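Values quoted throughout were computed directly from the atomic coordinates according to the rules given, and no laboratory measurement underlies them. Please read all numbers here as calculations on a predicted model, not as lab measurements. Cβ placement follows ideal geometry from the backbone for every residue including glycine, while neighbour counts extend to all protein chains displayed.
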Amino acid sequence: MILRSISPQLHLHSNGHGPDIHAFGAVDLLEVHDPIGAWDSAREFIRKNEGKFICAAFSYELKDDLEALGSNNPCAIPFPSLFLFVPDIVFSWELGELKVLQLNRRELDVEGLKQELFTLYNSPPVETIKAYFTSIDRSRYISQVESLKAHIQRGDIYEVNYCQELTIDSQNIDPWVTFQRLNSMTRAPFACHLRVEDLHLLCASPELFLEKSGATVRSRPIKGTRKRDLDPREDERLKKELASDIKERAENIMITDLVRNDLSRTARSQSVEVEELCEVYSFETVHQMISTVRSELAEEHDLIDLLKSCFPMGSMTGAPKIRAMELIEEHEDFRRGIYSGSVGVITPQRDMTLNVVIRSILYDDAQKKASVAAGGAITALSEPEQEYEESILKARAMMAVLGIDL
């Protein structure tokens, strides 16, 4: 099959919020594993590929090139710290129509690729295979939340995003079919499937890290989650409960203020504004509390300046950002890697759309191993048991796709 033979490739699914993007192969690529100096390398790569689409994957570990940070934790699925590529071909898919946006390698079997994409979109669901996975240590999760709350009470931080990783062994999956299943279950607006050789990111993200259109920049941090319910009245009750929850609103407002501050570092004077605050949006499996922050990028700043000022997304760190990231390293027992990072596309006009890598399955086809991470914001009002249950809720869709009931 042509589709399965090509690496790298990136599929961006908006699920009705705009065109889907499919990019295959690479006429040029940048793969960086040591984060130190990576942002400068990214700037040079973007400059030399003027007028081309660039697919981008920024690992959480790029924080180490911004601050004196690091990680000694193990990484189950080792994506590059930075991965940029100029595709051989870029398609858009909207309203059932597949168009070629850019062709950089003319010997490609374009019609063959088109047919495989059509076939994949119309494939019937495939039964999941049961797998073995590392059990969740509830008591450890709760004790770590209590430890982080102690830091909050001492005034070290106001909020921190704490996550756990579930590793799944002996898992032989078809990444393309598994992503289709995950995407149909969640219908998230910033879903993606990234392939880098044997490594696959299958992502059902509802969260926008950065969107740039001309000089206008938007970021949409998410803090606040409730499950959906099949009963419409109960579903509406849960939605209203989320909208009025004091703890969830406090979490969201703190991170919105952090994002506002991050954007202000590269914004035109007085251009930063909060367009939406604590609005509740409903997705297939969850209700989410989302805010929208807008700015205008100052003329003296480029894409990399913008990214460096905001990375990683504040919703995945906490506040103050640097101390929160230090405590994340001390309390989590895994290296986040691509999780909590960002994936998306930079257009020839140097606009861009980048997600936040959450609600994801990381899969190593060589090791037959998968990883799912999930967590949430810890504040002074956090109840450790409830935080644990929220992390399970967020992981449930990904684990169900892998044949595991949580």
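Restricting the calculation to alpha carbons of segment 221-329 gives Rg and Dmax of 16.0, 52 angstrom. Label zone (Leu98, point 7 Å along Cα-to-C-beta; backbone nitrogen cut-off 11 Å) within segment 14-42: 22. Label positions at Glu107 and Asp198, each projected 7 Å from the Cα along the C-beta direction, are separated by 2.8 nm. Here the sum of -39500 (n - 2.57) over DSSP H runs of 4 or more residues, divided by the residues of the chain, equals -9500 deg cm²/dmol at 222 nm, to the nearest 500.
Starting with the highest mean, order 142-148, 237-243 by the number of other Cβ atoms within 10 Å, averaged over the residues of each peptide.
With the highest mean Cβ count within 10 Å placed first, the list reads 142-148, 237-243.
With the cut-off at 1.5 for a/c, could you classify segment 314-406 from its C-alpha gyration tensor as rounded, prolate or oblate?
Working: a/c = 1.77, a/b = 1.10, b/c = 1.61.
Here segment 314-406 falls in the oblate category.
Peptides 21-32, 167-178, 350-361 ranked from most to least packed give 350-361, 21-32, 167-178, packing being the mean of other C-beta atoms within 10 angstrom over each peptide's residues. In the elastic network of the chain, a GNM with C-alpha springs shorter than 10 Å, the most mobile of Asn161, Asn49, Asn183 is Asn49.
List the residues, sorted by chain then number, that are 5 or more residues from Phe283 or on another chain and whose placed amide H is less than 5 Å from its amide H. It is Gln288, by chain and number.
Past the 25 Å Cα-Cα mark, which pairs from Lys308/Lys368; Lys48/Lys212; Lys149/Lys239; Lys52/Lys321?
Where the Cα-Cα span goes over 25 Å, the pairs concerned are Lys308/Lys368; Lys149/Lys239; Lys52/Lys321.
Let me make sure I get this right: for segment 269-348, a, b and c are the square roots of the gyration tensor eigenvalues over alpha carbons, sorted descending. Under 1.5 in a/c it's rounded, otherwise prolate if a/b > b/c, else oblate. Which is it? Since a/c reaches 1.5 but b/c is at least a/b, the shape of segment 269-348 is classed as oblate. Residues whose amide H lies under 5 Å from that of Lys223, counting only those 5 or more places away or on a different chain, are Met289, Ser291; hydrogens are built 1.01 Å from N in the peptide plane. Straightening the chain between Asp40 and Ser147 buys 34.8 nm, computed as 0.36 nm per residue apart minus the Cα-Cα spacing. A Förster distance of 22 Å, applied to the separation of the beta-carbon atoms of Glu284 and Ile246, puts the FRET efficiency at 0.25. Residue by residue, segment 221-226 carries 3J(HN,Hα) couplings of x, 10, 8, x, 9, 9 Hz when phi is fed to the Karplus relation 6.51 cos²θ - 1.76 cosθ + 1.60 (θ = phi - 60°); x denotes Gly or Pro. Annotation: average projected area of the chain is 18.9 square nanometres, based on the convex hull of Cα atoms across all directions. Model label points for Leu69 and Arg228, set 7 angstrom from Cα along the Cα-to-Cβ axis, are 3.2 nm apart. Distance between the pseudo-spin-label points of Glu300 and Leu406 (7 Å out from Cα toward the beta carbon): 4.6 nm. Who wins for biggest fluctuation among Pro206, Pro74, Pro232 in a Gaussian network model of the chain, springs between alpha carbons below 10 Å? Judging by the Gaussian network model, the answer is Pro232. Post the alpha-carbon centroid distance, segment 362-406 to segment 153-230, in whole angstrom. A separation of 11 Å, based on Cα centres.
Largest GNM mean-square fluctuation among Asn252, Asn73, Asn15, using the chain with Cα springs under 10 Å: Asn73. Computed from phi, the 3J(HN,Hα) profile of segment 155-166 under the Karplus parametrisation 6.51, -1.76, 1.60 (θ = phi - 60°) reads x, 5, 9, 9, 7, 8, 8, 10, 10, 10, 10, 10 Hz, with x in place of Gly and Pro.
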